[in-house]
Amino acid sequence: MAVSGFSAIADHASSSNQILWLFSVFGGIIMCIVAYELTGIISPLVFKGFHKLENTQKFEWKNRGISTFHAIFIAIASYYFLMVSNLFDEHMQGQHDLIINRSSASSNTILAMSFGYFLSDLAMIIWVYPALGGPEYVLHHGLSMISIMQSLICGQAQFYNFIVLFSEITTPFVNLRWYLDVAEKKNSTLYLFNGIAVFVGWLVARVILFIFFFYHMFTHLDQVNEVYWTIFYSLLTVPPVLATMNLFWFWKIARGLIKTLINFTRHSHKS
């Protein structure tokens, strides 16, 4: 590996970048607080039974409002950097770095804000553990934070981070499923269509996209070998763990969709 020691960190972690990261992480935390409070204000207007929920359900309801907002925010940003911006365009002339080494002030800002979200959500998960999720959620958030932090400090592998972060696009549909379940709408057409959306979205964003992720890494091993050693080993370990978790959850989603289809069919016949 060409990059060793602290050269990558020294080149990228300037004082101005450090200030940018800190403000962006703080901005991500503020974003979570605002989303949490707004969810608490808007939800009673949309769902009249909100005030009748238990305190733990209200807390999770508003927490899912945070993750929904972050998912939409980071999916749009990731799509922009991956598909619209020329930051990671291999065919773009004039780019002075390999894709693996490319970053910008805007990409650093978005990643740091996402770090602020994962930090905030992890704190909430630990605070009421295991009400918001078990060890798999702690592992997921911990791995995400490690990957983002390393990518920020060294300015490397941001391309791969944005691929993984784009997979958060499935989160709003997963959260809607929970909302409909709590609102006792499991037999509704919306619940069925949302279940299909979760299945298709998960297949595309968390299974097929990860296959592309590993294919791109394999075909760009010469570039992967250029990164700082901690990032190199993270690329070899973190994505496979996340991919395994995604496959496990996909299996559960598929089972849930089959169950939903059966229940919907039975309910339709009774009607």
Legend entry - Footprinting exposure proxy for 24, 15 (fewest neighbouring C-beta atoms within 10 Å first): 15, 24
Inset, instruction - Report the one residue of 139, 56, 105 whose Cα lies farthest in the direction of the positive end of the charge dipole of the chain (charges on C-beta: Lys and Arg +1, Asp and Glu -1; origin at the Cα centre). - result: 56
Inset, instruction - Rank these for me by crowding, 185, 62, 48, going from fewest to most other beta carbons within 10 Å. - result: 48, 185, 62
Legend entry - Normalised contact order of region 7-270, rounded percent, pairs of Cα under 8 Å and 6 or more residues apart: 23 percent
Legend entry - aspartates and glutamates whose Cα lies under 20 Å from that of residue 58, excluding same-chain neighbours fewer than 8 positions away: 37, 121, 181, 184
Inset, instruction - Kindly provide the pair-distance distribution of region 133-271 built from C-alpha pairs, with 10 Å bins from 0 and whole-percent values in order of increasing distance. - result: 11, 36, 27, 16, 8, 2, 0
Legend entry - For region 7-270, convex hull of alpha carbons as volume per residue, Å³: 136 Å³
Inset, instruction - Once you've got the Cα coordinates, tell me which of 48/185; 52/259; 186/259; 48/259; 52/185; 48/186 are over 20 Å apart. - result: 52/259; 48/259
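Assigning unit charges at the beta carbon (Lys, Arg +1; Asp, Glu -1) and nothing else, what dipole magnitude in debye, to the nearest 20, does the chain show about its Cα centre?
Details: 15 positive and 14 negative charges, 301 e Å.
Roughly 1440 debye for the chain.
Treating only the Cβ atoms of Lys and Arg (+1) and Asp and Glu (-1) as charged, compute the dipole magnitude of region 122-271 about its Cα centre; round to the nearest 20 debye.
So the dipole magnitude of region 122-271 works out to roughly 860 debye.
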Inset, instruction - Would you mind ranking 159, 248 by Cβ crowding within 10 Å, fewest neighbours first? - result: 248, 159
Inset, instruction - Let me have the 222 nm mean residue ellipticity of the chain computed from DSSP H runs of 4+ only, each contributing -39500 (n - 2.57), with the sum over all residues rounded to the nearest 500. - result: -24500 deg cm²/dmol
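No lab work stands behind these numbers, since they all come straight from the coordinates. None of the values given here were measured: they were computed from a predicted structure. When we count neighbours, we look across all protein chains shown, and the Cβ atoms used for this are built from the backbone with ideal geometry, even at glycine.
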